[in-house]
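Here's the structure we're looking at; comments come further down.
The values are calculated or read from the model by the stated rules, or taken from the named source; none is laboratory data. Nothing here was measured: the structure is a model prediction, and the numbers come from that model. Note that each Cβ is placed from the backbone with ideal geometry, even for glycine, and that neighbours are counted across all protein chains shown.
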Amino acid sequence: MKFRYEYIDAQKATMNDDGSPRYSIKQMCAWLQVSTSGFYEWFSRPASATEQRRDRLKTLIVKAFEDNDGRYGYRRVHATLARWGQLCTPELVRVLMRELGLVPCQPRRSRKGTTRQAGKQALIPDLVNRDFTATAPGEKLVGDITYIRTWEGWLYLALVIDCYSRKIVGWAMDDNYRTPLIQAAIEMAATNLDLPKGAIFHSDRGSNYTSEEFAATLTGLGIRQSVGRTGICYYTALSEATNGAVKVELVNREEYPTRKYAMGAGLLR
């Protein structure tokens, strides 16, 4: 019965073009087989404590969702509410977001691979071994390449992520993903961070990451090189996850007529 009353309450605000009500309360009560007096009795009741709490949470959920440009799903909205001192279950947040019609941005189905394993395997160790924790900024860095679709072709984005802060600390874009692209990204990271002695850069075994040119760049920056296994995402999990977040939350929300336009869109600023 409650849901019928709520539907009537929602629809009573529907107006015709001339400003007159489209449906009368009496009409809607008859259509839904409820009494008019019952509707008005329900409408005059004060909201229960539960309903008041849900309304307060809805207001905060909308704020958390809009403050983050529609990128947050119910889990991250729940975490935001917890930081604000609002205790509730993730399931309640999911239900309320559904009631509010709040749907976060979704990934596209297509996927273009950028990893090309080197023909000659370089003898580079795995110094990370799937442990993406760090005790200081710059202690461990991970990197990967993703792609941006533009109307004139692909634009490639190389990222460097700091394992300590989980922040993107270096990036570069170009119309190809050859070695100079990743060299520019790691050089930006080295500029943005005060790298400790023995800092590690970890990546997959793509031919550009295992090239002699890139190895020389890392050596010149005082960074030790580490690689995971090709084709197994667990060995580059942090960079894969960050790439996915960048694509879903930033890149895929806009169309880019040209590479120049995409590079000037301020995606990572």
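This table checks each residue for (1) within 23 Å of the chain's Cα centre (by Cα); (2) of a type in the set (Val, Ile, Thr); (3) more than 30 Å from residue 249 (Cα to Cα).
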site: 8; (1), (2), (3): no, yes, yes
site: 13; (1), (2), (3): no, no, yes
site: 23; (1), (2), (3): no, no, yes
site: 49; (1), (2), (3): no, no, yes
site: 55; (1), (2), (3): no, no, no
site: 63; (1), (2), (3): yes, no, no
site: 69; (1), (2), (3): yes, no, no
site: 82; (1), (2), (3): yes, no, no
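Any residue in the stretch 132-154 that's farther than 19 Å from residue 185 by Cα: show its pairings with residues that are modelled with pLDDT under 95 and of a type in the set (Gly, Ala, Ser) at Cβ separation under 7 Å, as long as the two are six or more apart or on different chains.
Correct list of pairs: 132/237; 150/262.
Any residue at all in the stretch 180-194 that is under 30 Å from residue 104 (Cα atoms), surrounded by fewer than 15 Cβ atoms within 10 Å (Cβ to Cβ), among the acidic types (Asp, Glu) and touching a residue at least 24 places away in the same chain (Cβ under 8 Å)?
No, because not a single residue in the stretch 180-194 is under 30 Å from residue 104 (Cα atoms), surrounded by fewer than 15 Cβ atoms within 10 Å (Cβ to Cβ), among the acidic types (Asp, Glu) and touching a residue at least 24 places away in the same chain (Cβ under 8 Å).
From the list 144, 126, exactly one residue is closer than 22 Å to residue 205 by Cα, in a strand (DSSP E or B) and among the acidic types (Asp, Glu). Which is it? Don't jump to the end; show me each part of the working.
On the way: 126 fails: in a strand (DSSP E or B).
Exactly one of 144, 126 is closer than 22 Å to residue 205 by Cα, in a strand (DSSP E or B) and among the acidic types (Asp, Glu), namely 144.
Could you list all residues from the stretch 148-199 that are among the aromatic types (Phe, Trp, Tyr) and assigned to a loop (DSSP other than H, G, I, E, B)? Full working, then the answer.
Step one: list which residues in the stretch 148-199 are among the aromatic types (Phe, Trp, Tyr), which gives 151, 154, 156, 164, 171, 177.
Within the stretch 148-199, 151, 164, 177 meet the criteria.
Restricting attention to the stretch 147-165, does a residue exist that is under 18 Å from residue 241 (Cβ atoms) and surrounded by fewer than 16 Cβ atoms within 10 Å (Cβ to Cβ)?
Yes, that holds for at least one residue.
Could you please find all residues in the stretch 86-105 being of a type in the set (A, V, I, L, M) and assigned to a helix (DSSP H, G or I)?
Here is the first cut: in the stretch 86-105, the residues of a type in the set (A, V, I, L, M) are 87, 92-93, 95-97, 100, 102-103.
Scanning the stretch 86-105 gives 92, 93, 95, 96, 97, 100.
Looking at (1) within 28 Å of residue 86 (Cα to Cα); (2) out of contact with any helix residue (DSSP H, G or I) (no Cβ under 7 Å at 6 or more places or on another chain), can you tell me which one residue 24 breaks?
(1)
Count, please, the residues in the stretch 196-213 that happen to be buried (at least 20 other Cβ atoms within 10 Å of the Cβ) and at pLDDT below 95.
Total meeting the criteria: 8.
Restricting attention to the stretch 207-225, which residues are more than 16 Å from residue 178 (Cα to Cα) and hydroxyl-bearing (Ser, Thr, Tyr)?
Across the stretch 207-225, the qualifying residue is only 219.
Of the conditions (1) touching a Ser or Thr at 6+ places or on another chain (Cβ under 9 Å); (2) modelled with pLDDT of 85 or more; (3) closer than 30 Å to residue 246 by Cα, residue 68 fails just one. Which one is it?
That leaves (2) as the condition not met.
If you check every pair at least six apart or on different chains, which have Cβ atoms under 7 Å apart with a residue in the stretch 200-228 that is in the same structural domain as residue 185 (by TED's automatic domain parsing) and closer than 20 Å to residue 136 by Cα first and a residue that is outside any strand (DSSP E or B) and among the aromatic types (Phe, Trp, Tyr) second?
203/209
Report the residue count in the stretch 1-40 for those that are assigned to a helix (DSSP H, G or I) and of a type in the set (Val, Ile, Thr).
Going through the stretch 1-40, the residues assigned to a helix (DSSP H, G or I) turn out to be 2-11, 25-31, 36-40.
Then drop every residue that is not of a type in the set (Val, Ile, Thr), which leaves 8, 25, 36.
Looking only at that region, the number is 3.
For the stretch 41-85, enumerate the residues that are in a loop (DSSP other than H, G, I, E, B) and of a type in the set (A, V, I, L, M, F, W, C).
Of everything in the stretch 41-85, those that are in a loop (DSSP other than H, G, I, E, B) and of a type in the set (A, V, I, L, M, F, W, C) turn out to be 47, 84.
Among the residues of the stretch 131-154, what is the count of those that are among the aliphatic types (A, V, I, L, M), more than 20 Å from the chain's Cα centre (by Cα) and more than 16 Å from residue 196 (Cα to Cα)?
0
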